[in-house]
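Novice: Take a look at this one; I'll ask things after.
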Amino acid sequence: MDELINDFIAETRDMAQALSGAIVAWEAAPDDRARLDEIFRFVHTVKGNSGFFDLPRLQQLSHAAESALAEVRDGKRPADRALVNAVLAVIDRIGELVQALESGESVGSEDDEQLIAALSPEAAVPALQPEAPPAADTESKKAVRSIRLSVDLLDRMMSGVSDAVLARNELARRLRDLPRDVAIEAAFDRVSQCIAEIRDAITRTRMQRIDSLFAGLPRLVRDLSADLGKQVRLQADGGDVEMDREMIEMIRDPLTHIVRNAIDHGIEKPEKREEAGKPRIGSLKVSARQAGNQIIIEVADDGRGIDGEALVSKARALGLLTAEQADRLSLAQKQALVFSAGLSTAGEVTAISGRGVGMDVVRANIERIGGVVDIDSRLGHGVRLAIRVPLTLTIIPALTVSVNGQCFAIPRSAIDEILRVNGGAVRIDPVGEAEVATVRGRRVPLIGLPELLGVASGASRDEQRIILLKPAGGDVYALLVDAVHDHEELVVKPAAPAVMSAGLYAGTTLADDGRPILLLDPSGMAKCAGVHFEEGELDRHLAAGTEQAEAKARETTLLLFRTLDGGRRAVPVGLVERIEDVPVSAIGFSAGKLRVALGGRILPLAGCAAAPEAEKLRILRLTDGETEIAYGFAEVIDIRALVLDLQGAAVPGEVAGAFLVDGATVELLDPHWLFALHADAGAGQAVQPICALPEGDPWVDNMLRPLIESLGYRIAKAGDPADILIALENQEVPSDANVVRLRAAAEGEGSVYRYDRAALIGALAAARPAQGAAAGDRKHG
Amino acid sequence: MAELLLIARLAGRRIAFPAADVEAVVELEGLSPAPRAAPHVAGLSALRSRVLTVIDGLAALEAGRSDGIVRDAIVVPSGGHTYALLVEEVEDVIEANAPPVPPRAPLGQGWDRVSLGMIEAEGELFLLVDPHQLIAGPAARAA
């Protein structure tokens with residue numbers, strides 16, 4: 001925290017210094033919008049930071065100044081001399097307080113109120129004249145614990161040291177040719193060691209784990225959500241990604257703003273979330289990863305999303321957009337309006353984040369370091385913001401490998417494992433033109449680096465090595481190389497465009513002996529070799545999309561889970577239709593069995609003897625293709641592809657046998673026994689409403705149909721009567737049908753966006769005349 | 001204005017580069033290939049602690065490859081990267097007599113793209129070549 005607060009002090013002081021010009025210019029021309037924005041951003045940033053560091057005086061002052069300036073920005077009040085003076089007085093006071101914070105003194109707080117009162121439009125008192133800022137003598141009162149260096153200087157030091165390393169290597173080569181001289185060698189060794197130490201130190205001055213950026217987030221999230229009466233679960237990933245210190249500092253503020261905005265404006269209150277059919281606890285995911293020559297920091301929430309239309313009308317009202325311009329905007333462009341200065345959809349202004357103003361600061365700061373901010377949002381479903389910053393001058397721990405004597409580097413972060421081709425752990429099978437490696441029962445595509453690079457391999461297959469790579473956002477694949485050499489810490493710089501165009505490289509670097517080496521880009525290689533992976537694979541694992549895993553090893557892909565009584569069990573993934581949370585109220589004893597009501601159907605419930613105490617029960621929906629049963633459990637442990645070495649159970653029962661995973665026993669469910677016991681034939685189908693789908697549309701066949709079926713609907717055969725008719729945008733339908741209409745565009749009315757699963761489920765349920773009737777039938781019949 | 005010219009030989013012709021664009025003339029030590037990079041990229045080399053992207057001047061003109069020919073290279077910083085332009089020989093630096101004039105006739109496929117005009121120096125007429133265009137390579141022609 002000390003370090004953070006020192007940064008805050010130094011930064012605020014720098015900003016105040018840089019701002020002094022703007023303040024003077026604004027005083028001369030109070031109508032200058034650009035100056036006003038600049039000053040506004042300053043007080044906004046101070047407000048945000050002081051809130052974070054719990055400095056109430058600073059926060060009060062900056063909040064008051066911000067409010068006054070916001071009114072000016074909105075055109076609600078003129079920037080008269082009294083206001084300018086009052087704002088200047090507040091900014092000076094902020095400077096004093098920050099200085100006091102640094103030297104540990106205190107500044108009288110009596111006239112804070114007066115300063116704030118002077119900001120109000122009715123201020124009758126003459127505004128305080130700004131005092132001259134305290135002279136530099138206060139600065140010497142306390143020893144400064146850190147200094148700030150320009151990155152240029154660090155760059156020069158870095159390249160100087162790199163040169164020194166190369167010169168040392170050259171000298172070492174020369175010395176080897178001379179007759180040995182112990183004294184010279186000792187001296188040389190000392191020089192070598194010094195250079196290595198300096199290099200290390202300079203390298204470290206520049207690099208920092210992104211952890212230090214994430215460290216403040218949990219507290220920030222906790223405090224914010226407590227203040228706002230919201231519940232937020234923060235998940236931070238990728239803290240071990242290393243980044244240029246300068247970059248981290250540049251990203252700190254934007255990231256804080258983004259997180260604030262996400263909690264304040266994005267994530268709804270628990271009650272609202274429940275109404276919208278979301279879990280009470282909002283999810284906020286912050287992740288960092290390296291992709292190619294960029295670092296991507298992503299902040300995703302599952303809140304209410306950005307209302308593009310509201311932004312457009314706000315922008316129109318402020319005169320930032322004309323009607324014609326607004327009409328031409330795409331949805332993404334509308335959402336990007338959130339980055340415009342002074343725009344926000346937030347209904348009320350709070351002390352927490354404010355007026356959407358953060359976002360223009362965010363973009364300005366990111367773009368200053370050559371980065372890009374992407375925003376992607378679906379109304380009602382949350383926002384995903386990605387900050388992409390270049391990877392220049394980052395140190396990457398890498399593995400050097402070679403093909404036919406030529407060296408390449410692979411970022412170590414992407415490497416899962418290194419294996420020998422002729423070792424027992426790997427089997428390679430040709431599949432058509434391609435090859436597939438099987439590593440301990442797990443099948444992964446195999447890419448030969450020599451073939452990928454178009455060079456001849458210099459080693460026989462037996463001598464080659466296999467590197468299992470797991471690129472960011474992708475799935476594991478195996479890379480075949482001639483030889484594996486060494487781990488090195490490499491300073492990576494972007495390669496020339498003509499080299500990057502190959503799509504295989506993340507940058508260039510110099511090895512210790514001065515040879516240039518190309519850094520391979522693991523996801524780029526996969527793409528070039530035509531191995532495609534879906535993004536967000538992990539998320540999908542837990543939802544519906546186990547297709548990939550299934551396709552690779554159908555018979556051995558298992559879902560490992562913890563039962564309600566704490567045991568470890570597994571079930572073949574192919575049997576799992578989906579995983580769902582059901583309210584305990586939906587569970588009941590009927591017809592001699594525990595059953596759970598799910599979307600108009602009643603499924604037998606296994607896995608628990610009685611309805612659990614908790615509010616909700618997580619269930620696996622298992623299917624044999626015809627009938628479904630629910631299986632209550634506590635949590636998913638993992639999804640694993642395994643070669644089963646099953647110890648059969650003594651008596652037939654719920655468990656077919658036991659096997660070992662990572663040294664622990666796991667029981668395998670016996671689905672046959674389960675279905676035989678629980679699934680009374682036809683129980684599920686009796687209440688399945690029938691759905692008619694448009695025919696001959698591949699999207700319908702491949703995507704919609706499985707979804708509809710998984711929701712418990714039966715698909716009508718052509719010509720059969722149906723309860724619900726699902727129609728595409730322009731399809732003609734009989735007027736008396738219950739129609740659910742789908743559209744391809746995300747925004748629109750009178751129909752359902754075809755990827756909006758929740759809305760689709762809702763629409764189907766609403767359009768379901770048979771639901772009541774079917775349930776009624778059962779009661780009476 | 002007297003412009004300084006670097007006279008070099010490429011594809012058998014004597015050509016001039018604006019000396020202001022050229023940082024140094026070096027003899028390359030070692031060349032690491034860059035597989036699947038653009039065809040006019042000969043590979044990578046190092047100059048002190050910098051990585052040089054080596055451009056094959058002949059390939060940039062689409063006039064073959066300069067494999068095995070003398071490794072004289074002109075170091076040109078361009079677009080934030082440093083390039084080494086392979087030529088057959090670097091001769092001299094001389095002063096131009098007059099500003100360049102546009103050539104009156106087509107120069108031939110590769111040359112048209114890289115030409116900055118004709119320039120006279122010490123009584124001889126040279127083709128003034130834009131090293132940045134050579135670096136951009138054949139692919140840039142479409143743009």
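Novice: To the nearest whole number, what is the average tally of beta carbon atoms from other chains within 10 Å of the beta carbons of peptide A:397-406? If you can, show how the numbers build up before the last one.
Specialist: On the way: counts 0, 0, 0, 0, 0, 0, 1, 1, 0, 5.
The per-residue average across the peptide is 1.
Novice: Please get the size of the charge dipole for the range A:191-347, origin at its Cα centre, with Cβ charges of +1 on Lys and Arg and -1 on Asp and Glu, quoted in debye to the nearest 20. Before the final figure, lay out the partial values.
Specialist: Details: 23 positive and 24 negative charges, 41 e Å.
Value, rounded to 20: 200 debye.
Novice: Okay, moving on. What are the ³J(HN,Hα) couplings of the range A:224-233, residue after residue, when phi is run through the Karplus curve with 6.51, -1.76, 1.60 and θ = phi - 60°? Round to Hz, x for glycine and proline.
Specialist: 4, 5, 5, 4, 9, x, 10, 10, 9, 9
Novice: Next question. When each pair of different Cα atoms in chain B is counted once in the 1/r mean, what is the Kirkwood radius in angstroms, to one decimal?
Specialist: Every distinct Cα pair counted, the radius reaches 15.3 Å.
Novice: Provide the net charge surrounding A:M15, with neighbours chosen by a C-beta distance below 11 Å and charges set as Lys +1, Arg +1, Asp -1, Glu -1.
Specialist: Details: positive: A:R13, A:R41; negative: A:E11, A:D14, A:E38, A:D253.
Taking every other residue near A:M15 into account, the sum is -2.
Novice: Which of the trypsin sites (Lys or Arg not before Pro) across the range A:1-82 are loop residues per DSSP, with 15 or fewer other Cβ within 10 Å? Could you put the intermediate results ahead of the total?
Specialist: On the way: sites: A:R13, A:R33, A:R35, A:R41, A:K47, A:R57, A:R73, A:K76, A:R81; in loops: A:K76.
Answer by residue number: A:K76.
Novice: Can you check what the Kirkwood hydrodynamic radius comes to for the range A:22-73, Cα pairs only, in Å to one decimal? Numbers along the way, then the final one.
Specialist: Values: mean 1/r = 0.0894 Å⁻¹.
Mean inverse Cα-Cα distance, inverted, gives 11.2 Å.
Novice: Sticking with this structure for a sec: Using only the alpha carbons of the range A:699-761, determine the length spanned along each of the three principal axes and report them from longest to shortest in whole angstroms.
Specialist: Sorted largest first, the three principal extents are 32, 27, 17 Å.
Novice: Hey, got the average number of other protein chain Cβ atoms within 10 angstrom for residues in B:51-59?
Specialist: Details: counts 13, 3, 7, 2, 2, 0, 0, 0, 0.
Across B:51-59, the average partner-chain Cβ count within 10 Å equals 3.
Novice: Residues with beta-carbon under 9 Å from that of B:P100, excluding B:P100: net charge, scoring Lys, Arg +1 and Asp, Glu -1? Provide the component values of the computation, followed by the final result.
Specialist: Values: positive: none; negative: B:E3, B:E120.
The answer is -2.
Novice: Output the pairs from A:K230/A:K334; A:K470/A:K527; A:K314/A:K334; A:K47/A:K314; A:K230/A:K278 with a Cα-Cα distance over 18 Å in this structure; if there are none, say none.
Specialist: On the way: A:K230/A:K334 28 Å; A:K470/A:K527 13 Å; A:K314/A:K334 11 Å; A:K47/A:K314 24 Å; A:K230/A:K278 13 Å.
Too far apart for the 18 Å limit: A:K230/A:K334; A:K47/A:K314.
Novice: Based on the Cα gyration tensor of the range A:434-513, what are the three equivalent ellipsoid semi-axes, each the root of five times an eigenvalue, rounded to whole Å and given largest first?
Specialist: Working: eigenvalues 117, 52, 41 Å².
Taking √(5λ) for each eigenvalue gives 24, 16, 14 Å, largest first.
Novice: Same structure, new question: A:R412 versus A:N169, label points 7 Å from Cα toward the beta carbon: distance in nm?
Specialist: Calculated label separation equals 1.8 nm.
Novice: Another question, then. Residues of the range B:97-121 with the amide nitrogen closer than 14 Å to a label point 7 Å from the Cα of B:D21, along Cα-to-Cβ, please.
Specialist: Inside the label zone: B:100, B:111-119.
Novice: Other chains' Cβ within 10 Å of B:76-85 residues: what's the mean?
Specialist: Details: counts 0, 0, 1, 2, 5, 9, 1, 2, 0, 0.
Counting Cβ atoms of other protein chains within 10 Å of each residue's Cβ and averaging gives 2.
Novice: Specify, per residue and in Å³, the volume enclosed by the convex hull of the alpha carbon atoms belonging to the range B:5-65. Please list the in-between numbers first.
Specialist: Details: hull volume 6.1 nm³, N = 61.
Hull volume over Cα atoms, normalised by residue count, gives 101 Å³.
Novice: Which number comes out as Rg/Rh for the range A:243-333 once both Rg and the Kirkwood Rh are worked out on C-alpha atoms?
Specialist: Details: Rg = 17.0 Å, Rh = 15.9 Å.
Across the range A:243-333, the Cα-based Rg/Rh ratio is 1.07.
Novice: Just to check I understand the Karplus step: with θ = phi - 60° and J = 6.51 cos²θ - 1.76 cosθ + 1.60, what whole-Hz values come out for the range B:90-98, glycine and proline as x?
Specialist: Karplus-based 3J(HN,Hα) across the range B:90-98 equals 9, 9, 6, 10, 10, 9, 7, 7, 8 Hz.
Novice: In debye, nearest 20: dipole of the range A:403-500 around its Cα centre with unit charges on the Cβ of K, R (+) and D, E (-)? List each step's numbers first, then the result.
Specialist: On the way: 10 positive and 13 negative charges, 51 e Å.
It comes to approximately 240 debye.
Novice: Calculated FRET efficiency, A:D31 and A:R280, Cβ-Cβ r, R0 51 Å, to nearest 0.05? Each step should come with its number before you reach the end.
Specialist: Numbers: r = 48 Å, r/R0 = 0.94.
The value I calculate is 0.60.
A short reminder: the numbers here are calculations on the coordinates, not readings from a lab. No experiment lies behind these values; they were computed from the predicted model shown. So basically every Cβ, Gly included, is an ideal-geometry build from the backbone, and we count neighbours across all protein chains shown.
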